[in-house]
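Trainee: If you scroll down you'll find the structure; I have some questions about it.
The values are calculated or read from the model by the stated rules, or taken from the named source; none is laboratory data. Keep in mind that what you see is a predicted model, and the values were worked out from it rather than measured. Every residue, glycine among them, receives a Cβ derived from its backbone with ideal geometry; neighbour counts consider all protein chains shown. Remember, those area values only see protein heavy atoms, side chains included, never the ligands or the DNA or RNA. Shrake-Rupley method; radii C 1.70, N 1.55, O 1.52, S 1.80 Å.
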Amino acid sequence: MADQLLEQVKDVVDGQIDFEGQKLAEILATAVLAIVGGISFLVGFFLQDITLALKIGLGGTALTFLLVVPPWPFFKRHPVKWLPVGGEPAITSGQQNIVIDEKLFTK
């Protein structure tokens, strides 16, 4: 019972996302921080209130943290298909052909 609960907590906290999810997280973080930074600057400039600009910037940073850091399910849409353990190599020794400067070398 306790082991099952511990495994569930570990799966949630572990943070396994796929490569496409990493790319999405990077794009999302960059876009949100740029938009919030622009809004923060404009609000601070037009209202002449640096405190408000900093609060908006920090709020946007916290929002970005909540969007990017947890392993949300939309970061796990493209799982990696790994080779089976102990499987045969993809290329057998009889199939290795190397081409260098238009010269064929077989191994």
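Trainee: If you take the residues in the range 32-52 that are in contact with a Leu (Cβ under 7 Å, 6 or more places away or on another chain) and over 19 Å from Val68 (Cα atoms), which one is most open to solvent (accessible area, probe 1.4 Å)?
Mentor: Applying the filter and picking the extreme gives Val43.
Trainee: Could you tell me whether any residue of the range 6-23 is on the phi < 0 side of the Ramachandran plot, touching a residue at least 12 places away in the same chain (Cβ under 8 Å), exposed (fewer than 14 other Cβ atoms within 10 Å of the Cβ) and aliphatic (A, V, I, L, M)?
Mentor: Yes, there is a match, as at least one residue in the range 6-23 is on the phi < 0 side of the Ramachandran plot, touching a residue at least 12 places away in the same chain (Cβ under 8 Å), exposed (fewer than 14 other Cβ atoms within 10 Å of the Cβ) and aliphatic (A, V, I, L, M).
Trainee: Further question on the same structure: Where residues in the range 58-102 are modelled with pLDDT under 80 and part of a helix (DSSP H, G or I), which of them is most open to solvent (accessible area, probe 1.4 Å)?
Mentor: Gln95
Trainee: Select, from Glu26, Glu7, the only residue that is part of a helix (DSSP H, G or I) and closer than 17 Å to Leu63 by Cβ.
Mentor: Checking each option against the conditions leaves just Glu26.
Trainee: Now for a separate question. For Ala29, work out the one condition from (1) more than 21 Å from the chain's Cα centre (by Cα); (2) surrounded by 14 or more Cβ atoms within 10 Å (Cβ to Cβ) it doesn't fulfil.
Mentor: (1)
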